[in-house]
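The values are calculated or read from the model by the stated rules, or taken from the named source; none is laboratory data. Small disclaimer: the values here were computed from a predicted structure and weren't measured. Here the Cβ positions follow ideal geometry from the backbone for every residue, glycine too, while neighbour counts run over all protein chains shown. Ligands, DNA and RNA are excluded from the accessible area calculation, which covers all protein heavy atoms including side chains. Shrake-Rupley method; radii C 1.70, N 1.55, O 1.52, S 1.80 Å.
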Amino acid sequence: MKVIIINGPNLNLLGKREPEVYGNETFEEYLNYLISKFPSIELDYYQSNVEGELINKLQEVGFSYNGIILNAAAYTHTSIGIGDAVKAITTPVIEVHISNTFAREEFRHQSFISPNAKGVILGFGLKSYELALQSFLLNN
């Protein structure tokens, strides 16, 4: 099974950015944990702060991978283009958020990705990614 995690803007700052919301662990540290916990999954990772690069990556992997875990971060609430890219591909996408977006500012309650995603997991910290991986294993 081949799964890619695609992270959007500012998630490269995990471990430094707002630790009260996002914790103290870098994503690279957490990714190493996921790789060791799920040895049966070929796990790739991509992060960009640029909307078009995220769309390009979705189109690149969206017909050949078994699953995509997408945390588009702030683009979740603003990017019709990313939502359209998720709709256009055949690989199932699980939308993930570290924080509970519904417990935050009202503009974060809207997602252009959710209507086209297989599912949404939010509010469980970095464990949200682990839950998404488990869901792919259960449904494979």
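Put a dot 7 Å past each Cα toward the Cβ at LEU137 and SER64; how far apart are the dots in nm?
Computed distance between label sites SER64 and LEU137 equals 2.6 nm.
Counting only trypsin sites (Lys or Arg not before Pro) that sit in a DSSP loop (anything but H, G, I, E, B) with at most 14 other Cβ atoms within 10 Å, what is the longest stretch of the chain containing none of them?
18-103
Could you state, as a whole-number percent, how many of the C-alpha pairs of the range 49-91 are farther apart than 11 Å?
62 percent
If I take every Cα pair under 8 Å that is 6 or more residues apart in the chain, average their sequence separation and divide by the length, what percent do I get for the relative contact order?
25 percent.
Where the convex hull is taken over the Cα atoms of the range 27-139, what is its projected area averaged over directions, in nm²?
6.7 nm²
Sort ASP44, ASP84 from largest to smallest accessible area, using a 1.4 Å probe on the heavy atoms of the protein chains.
ASP84, ASP44
For LYS118 and ILE35, what is the calculated FRET efficiency with R₀ set at 22 Å and r taken between the beta-carbons, to the nearest 0.05?
0.50
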